[in-house]
Amino acid sequence: MYDLPKRFTYGVIESYLRARGTPNAPFRYPGTQHSAEWWLFADLLREVRLNSPVVRVLDPKEADLFYVPFFSSLSLVVNPIRASNFGNGHVYSDEEMQQELIDWLENQEYWERNKGRDHVFVCQDPNALYRVLDRIKNAVLLVSDFGRLRADQASFVKDVVLPYSHRINSFNGDVGVEGRKSLLFFMGNRYRKEGGKIRDTLFQILEEEEDVIIKHGTQSRESRRMATQGMHTSKFCLHPAGDTPSACRLFDAIVSLCVPVIVSDFIELPFEDAIDYTKIAIFVDSASAIQPGYLTSMLGGISEEAIVQYQRELKMVKRYFEYEDVNGTVNEIWRQVSMKLPQIKLMINREKRLVKRNMTSPDCSCVCSNHSSSVGPLF
């Protein structure tokens, strides 16, 4: 892991607190759905890391991969909606931070050696590092989905899909439907952009349905309290697309043992080599979901025994979505990253021997190449 200048790590937290007029507040990473960057950073700083799939080394000559611990998602939201200054006329700029980070990296020996291909970045917010994506597209990107990324910037082959941090309390009771009186629950922003426009249609169809709770709500402590209660007392939880195909409510539902009903045609899911999502969730195509009566009729026809079986499966995989669990999300992310290493080495060695090609279409000679052309040698 790079020992970055402080302004890219703890300095982002300090800027976040100052921008809210609370510079003397307890120093901690703010609780957000994009907190993977903090959990991974904190994990690598621990002296004892039991059962971790990766080992941190202090000598870069011994490293296979280089983790870049910039808090890119927090940097996006340092400034409140109404930006304030820092007391000296300076306003925090995420775009400037992105540029400064990559300028700093491009002067490092180990970045230059393989043009960043063996580097790892967290870009969990869909807009994180958006200004510099073309400069880091060779690297392993840890993302929530590929909704705003071009095919030449990200792919399943080289990158890793992360779960959002769940924002509501986990359900710690037993499986069963006795305390789950509602058939279907959803609470979230009704109006979204892009693929999330389906939410408004679903609201119109479902808000008058019996045994369905569907509410407009935004991120707040009270909304999280109401969402916790709703998910813990419902059999099924609706997961429509947001501005991008995935959203944190899917992972809220999983830790609530509320069977997710996923209406997001282009969703990508984390850890699918370890988890069969058809055992823990119900997938409904958007065209069917917006037919009046379809969802409630289909869900109402699922037996209590089947619901309990879904809950058992959810309980078995729940740890994969608990960042706090020492054998949970963080270790699974590192396992996924470590699995990219053979492909990274293949690409590094391959690019050393490629000559310049005159090509009018993307190079598809190697499934892992997302370059429009290949040139070599690199250095």
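Ligands, DNA and RNA left out, the 1.4 Å accessible surface of the chain is 50% carbon and sulfur atoms. The trypsin sites (Lys or Arg not before Pro) of region 167-273 that DSSP puts in a loop, and whose beta carbon has at most 12 other beta carbons within 10 Å, are Lys181, Lys193.
What relative contact order, as a whole-number percentage, does region 185-287 give when Cα pairs under 8 Å and 6 or more residues apart are counted?
So the answer I get is 27 percent.
Expressed as a whole percent, the proportion of Cα-Cα pairs in region 1-115 lying more than 23 Å apart is 37%. With the cut-off at under 19 Å, measuring from each backbone N in region 275-319 to a point 7 Å along the Cα-to-Cβ line of Asp265 picks out 282-295.
Under the simplified labelling scheme, the Phe283-Phe203 pair shows an inter-label distance of 2.8 nm, with each label point 7 Å from Cα along Cα→Cβ.
Taking all protein chains into account, the per residue accessible area for the chain stands at 48 Å² (1.4 Å probe). Expressed per residue, the C-alpha convex hull volume of region 225-285 stands at 83 Å³. Quick one: Debye curve from the alpha-carbon atoms of the chain only, equal weights, vacuum; give me log10 I(q)/I(0) at q = 0.07, 0.08, 0.09, 0.10 Å⁻¹ to two decimals. Debye output, listed in q order: -0.35, -0.46, -0.58, -0.71. Hydrodynamic radius of region 243-358 by the Kirkwood approach over all distinct alpha-carbon pairs: 17.0 Å. Pairs over the 26 Å Cα-Cα cut-off, from the set Lys6/Lys318; Lys158/Lys315; Lys6/Lys340; Lys158/Lys352; Lys6/Lys115; Lys197/Lys315: Lys6/Lys318; Lys158/Lys315; Lys6/Lys340; Lys197/Lys315. Calculate, for Phe27 and Ser220, the FRET efficiency according to 1/(1 + (r/R0)^6) with r their C-beta to C-beta distance and R0 22 Å; round to the nearest 0.05. Taking R0 as 22 Å, the efficiency between Phe27 and Ser220 is 0.40.
Evaluate the relative contact order of the chain (contact order divided by residue number), counting alpha-carbon pairs under 8 angstrom at least 6 apart; express in whole percent. Don't skip to the end; give the middle numbers.
Numbers: 605 pairs, mean separation 60.2, N = 379.
Contact order relative to length: 16 percent.
Here, region 119-227 has an Rg and a Dmax of 18.2, 53 Å when only alpha carbons are counted.
The values are calculated or read from the model by the stated rules, or taken from the named source; none is laboratory data. Being a predicted model, the structure only gives us computed values, none of them experimental. Virtual Cβ from ideal backbone geometry, glycine too; neighbours counted across all protein chains shown. Accessible surface is based on the protein model in full, side chains and every heavy atom, while ligands, DNA and RNA are left aside. Shrake-Rupley method; radii C 1.70, N 1.55, O 1.52, S 1.80 Å.
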